[in-house]
Amino acid sequence: MFDQMTFEFIMQRVLERIPNSFDKREGSDVWNMTAPGTVEHTLLYLELENIMAEAFADTASREFLIRRAKERNIIPFSATQAVLQGVFTPANVDVMGQRFRVPNESVVFVVTAEISAGVYQVTCETAGLVGNQFTGLPLIPVDYISGLESAVLENILVPGQDEEDTEALRTRYFASFTQYGFGGNRQDYIDRTNAIAGVGATKVETIPQTISGDPNVRLVILDGLFGSASSTLIDSVQQQIDPTRDGEGFGIAPIGHIVLVQTATRVTVDIATTITLDTGQSWATIEPLVIASIEAYLLEQRQTWATDDFTTVRVASVDSRIYAVAGVVDVQNTTLNGMADNLELAPLEIPVMGVLTA
């Protein structure tokens, strides 16, 4: 809005108001006396430009976007702690409440709940994605534990998430003007379920009741990494949304709603293709790059799963992702799960990478 208000432009306007009988050349007394005030005016316009940008949600920086969103009772989702499964031997050793660290890392996990003999939930003390990175690694107790032989991190139960991204917050802010969550409507379920730690996406369905007392609302969720949710995360969401499942409204779900929480079904996508490499390239070097490129595409499909009626894995898109890898010069004869056609999934299915044959 104030782009034209540069030092040179303002200085020219100021000097035009001074009679030509005075020496107005740069370095003259008139110029030197006028320039400092012009600099201040230029800075003022820069500040006005900044104020205008921060005043509107589409251009506001994170600090002021948060303040704007707060007016609509929208706040950024906080970073959450990862919960993993830890296996400890012997199974009868008492590790409840004990702290463990990952070798050569500053990350510490604390044992928070028992799943079965020798198997526990361990929670990362540091919130964010960092806690998701250590599956399959051993753990070292911070304090000596008599009789402990081994401790290993296994699969992720509830993925940790970083604080909500600025652009995601901006999207939620603008969506709040057209998508109203109220009293157990579809948007209300989506908003409240996505706000639960570890949840990345939610679909809502009604279920026809064949027997009185059966669920009449289904929530299908993905975890924060846009994969199938673990039973631990499903149970956590169920407890917060509708713990009694009797329609009495003791959770977030309103009276009369009996809610069943489930996760999407994983569909493995096996890919066969013919890839021509550039001169001097080896498949051993290119293969992991191709797999990573395809996995990134499938992740994008899962990230839009909640807003798409159906997910379609397209042969052309897979080809383009392979072709985009440096060192690949041609891609031909690509099939998905043995078929040369696009792979169309059901509404409650998500694609995950299978075997790549090339």
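The values are calculated or read from the model by the stated rules, or taken from the named source; none is laboratory data. Bear in mind that the values here come from a model prediction, so they are computed numbers and not experimental data. Neighbour counts run over all protein chains shown; Cβ positions are idealised from the backbone, glycine included.
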Checking GLY136 against (1) outside any helix (DSSP H, G or I); (2) modelled with pLDDT of 95 or more; (3) small (Gly, Ala, Ser), the condition it does not meet
(2)
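The rows are residues; the columns are (1) closer than 25 Å to ARG314 by Cα; (2) not aliphatic (A, V, I, L, M).
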{"position": "ALA201", "(1), (2)": "yes, no"}
{"position": "THR206", "(1), (2)": "no, yes"}
{"position": "LEU222", "(1), (2)": "yes, no"}
{"position": "THR232", "(1), (2)": "no, yes"}
{"position": "ILE241", "(1), (2)": "no, no"}
{"position": "VAL259", "(1), (2)": "no, no"}
{"position": "THR265", "(1), (2)": "yes, yes"}
{"position": "ALA272", "(1), (2)": "yes, no"}
Filtering the stretch 323-338 down to residues that are assigned to a loop (DSSP other than H, G, I, E, B) and under 30 Å from the mean Cα position of the chain (by Cα), which residue is surrounded by the most Cβ atoms within 10 Å (Cβ to Cβ)?
VAL325
Filtered residues of the stretch 256-275 (kept if touching a strand residue (DSSP E or B) at 6+ places or on another chain (Cβ under 7 Å), free of Cβ contacts under 8 Å to residues at least 60 places away in the same chain and loosely packed, with under 12 Cβ neighbours inside 10 Å)
none
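Filtering the stretch 200-255 down to residues that are among the polar types (S, T, N, Q) and in a loop (DSSP other than H, G, I, E, B), which residue is nearest to VAL122 (Cα to Cα)?
Just the residues of the stretch 200-255 that are among the polar types (S, T, N, Q), to begin with: 202, 206, 209-210, 212, 216, 228, 230-232, 236, 238-240, 244.
In the following step, the residues that additionally are in a loop (DSSP other than H, G, I, E, B) were identified as 209-210, 212, 216, 230, 244.
On the way: GLN209: 38, THR210: 40, SER212: 39, ASN216: 34, SER230: 14, THR244: 27 Å.
Among those that are among the polar types (S, T, N, Q) and in a loop (DSSP other than H, G, I, E, B), it is SER230.
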Reported set for the stretch 192-219 where residues are crowded, with 16+ Cβ neighbours inside 10 Å and within 27 Å of VAL130 (Cβ to Cβ) is ARG192, THR193, ASN194, ILE196, ALA197, GLY198, VAL199, GLY200, ALA201, THR202
Tally, over the stretch 73-108, of residues that are touching a Gly at 6+ places or on another chain (Cβ under 8 Å), assigned to a loop (DSSP other than H, G, I, E, B) and of a type outside the set (A, V, I, L, M):
3
Residue satisfying condition, being part of a loop (DSSP other than H, G, I, E, B), more than 30 Å from PHE174 (Cα to Cα) and touching a residue at least 12 places away in the same chain (Cβ under 8 Å), within set MET11, MET5, MET1
MET5
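What do you reckon, is VAL261 over 30 Å from ILE291 (Cα atoms), among the aliphatic types (A, V, I, L, M) and modelled with pLDDT of 95 or more?
Criteria met by VAL261.
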Failed criterion for VAL111 (all others in (1) hydrophobic (A, V, I, L, M, F, W, C); (2) touching an Asp or Glu at 6+ places or on another chain (Cβ under 6 Å); (3) outside any loop (DSSP other than H, G, I, E, B) hold)
(2)
Scan VAL119, VAL95, VAL142, VAL107 and give me the residue that is under 21 Å from LEU233 (Cα atoms) and either surrounded by 12 or more Cβ atoms within 10 Å (Cβ to Cβ) or without any contact (Cβ under 8 Å) to a residue 12 or more places away in the chain (or both).
VAL119
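I need the full set of residues from the stretch 145-177 which are in contact with a strand residue (DSSP E or B) (Cβ under 6 Å, 6 or more places away or on another chain), loosely packed, with under 13 Cβ neighbours inside 10 Å and aliphatic (A, V, I, L, M), in order please.
First, the residues of the stretch 145-177 that are in contact with a strand residue (DSSP E or B) (Cβ under 6 Å, 6 or more places away or on another chain): 149-161.
With loosely packed, with under 13 Cβ neighbours inside 10 Å added as a condition, the list becomes 149-150, 155.
Passing the criteria: none in range.
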